[in-house]
1. Name the residue, out of L48, L19, L163, whose mean-square fluctuation peaks in a Gaussian network model built on the chain with Cα pairs under 10 Å.
2. With angles folded into 0 to 90 degrees, how steeply does helix 162-172 sit against the dominant principal axis of the chain? Use alpha carbons for both and round to 10.
3. Got a sec? Which residues in segment 21-61 would a label at Q155 touch, if it sits 7 Å along Cα→Cβ and we count backbone N under 18 Å?
4. Kirkwood Rh, segment 173-264, all Cα pairs: how many Å?
5. What number comes out for the charge environment of A159, summing +1 per Lys or Arg and -1 per Asp or Glu over other residues with Cβ under 12 Å away?
6. Apply 1/(1 + (r/R0)^6) to the Cβ-Cβ distance of L271 and L58, taking R0 = 35 Å, and write down the FRET efficiency to the nearest 0.05.
7. Of the trypsin sites (Lys or Arg not before Pro) in segment 59-131, which ones lie in a loop per DSSP and count no more than 13 other C-beta atoms within 10 Å?
8. Of G264, G75, G218, which has the largest mean-square fluctuation in a 10 Å C-alpha GNM of the chain?
Amino acid sequence: MAALQLLVNGVALGAAYALVALGFVLVLNATSAVNFAQGDLVMAGGLLAVAAAPLIPLPGIVLLPVVLVLMAALGLLLALAAYLPLRRRPPVSVFISTIAVGIILQNGAAILFGPEPRAAPPLFGDDTLHIAGLAVPEQSLAIVAVAGLLIGAQQWVFARTQLGRRLRATAQDPEMARACGVPVTAMILVTFAIGAACAGAAGLLLANRYFVTPTSGGDLILKAYIAVTVGGWGSVPGAVVGALLIALFEVGVSSVLSYPAALGALYLTLLAILVLRPQGLFGEAVRRRG
């Protein structure tokens with residue numbers, strides 16, 4: 001029973017990490033550049049939920065649309081300020097600009113909220129459900145359901161809509177997409193908005209049980225990077241699987257070993273994958289990234 005409870009908690013954590021990695025890989029595919037502000041966007045989404053909670057004293061699920069819209073707008077600003085003016089410069093320019101945006105977000109959050117850990121409201125409730133002898137936190141089940149719904153909606157948009165086809169064309173070959181009449185710049189802006197919205201949703205999901213501080217983004221961007229590396233650069237399913245693998249180590253392995261030992265085992269696994277299968281578990285061909 002304890003193992004099943006750990007599994008539920010691990011899947012919940014992995015589902016939230018999957019949203020972080022999903023936003024990361026969408027921008028990566030569309031721009032061939034790494035958005036190192038993604039972890040700080042997660043932090044910003046969590047603190048937005050914290051700030052909105054006193055104004056809208058309702059469960060977190062009601063705050064979710066507000067956070068998604070505000071974070072999408074922040075993603076647009078990020079693209080306009082830190083990517084579009086530099087996209088024809090050497091890739092390191094975008095690398096540095098997104099790090100700068102992350103630092104700005106960190107310091108802005110520290111000024112507005114202080115360094116103390118904050119908690120967002122739960123999605124539905126804080127009760128513990130008893131299912132077939134298992135004591136499962138309601139928040140864990142809600143995280144899995146909401147993250148799964150958001151990831152499924154994103155995949156539906158990309159697979160079934162005209163907007164999704166344009167976004168995929170931009171990610172696969174922007175020059176050919178432009179020649180076919182696709183507004184590539186607009187699609188890149190939409191991708192940044194979706195990526196930031198995914199990050200903000202993850203921030204709201206994580207901030208209730210795991211709290212949020214202005215400096216928590218650094219750890220989250222590292223996990224997103226690991227998830228994408230393990231799953232395969234450019235692979236959306238791979239990013240999700242990589243995120244779940246990280247959560248398995250953090251929750252499952254750490255329950256048997258210590259947390260530092262679990263992290264050590266995670267990095268050893270990452271090194272083994274890089275040596276044995278450098279293209280990642282899902283085997284996408286390696287592309288040059290900024």
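Throughout, read-outs are computed from the coordinates displayed, never taken from laboratory work. This is a predicted model, so every value here is computed, not measured. Here the Cβ is made from the backbone with ideal geometry for all residues, glycine too, and neighbour counts use every protein chain on show.
1. Taking springs between Cα atoms under 10 Å, the residue moving most is L163.
2. 70 degrees
3. 21-27
4. Working: mean 1/r = 0.0645 Å⁻¹.
About 15.5 Å for segment 173-264.
5. Details: positive: R160, R165, R168; negative: none.
Around A159, the charge tally is +3.
6. Numbers: r = 45 Å, r/R0 = 1.30.
For R0 = 35 Å, the calculated efficiency reads 0.15.
7. Numbers: sites: R87, R88, R118; in loops: R87, R88.
Answer by residue number: R88.
8. In the Gaussian network model the winner is G264.
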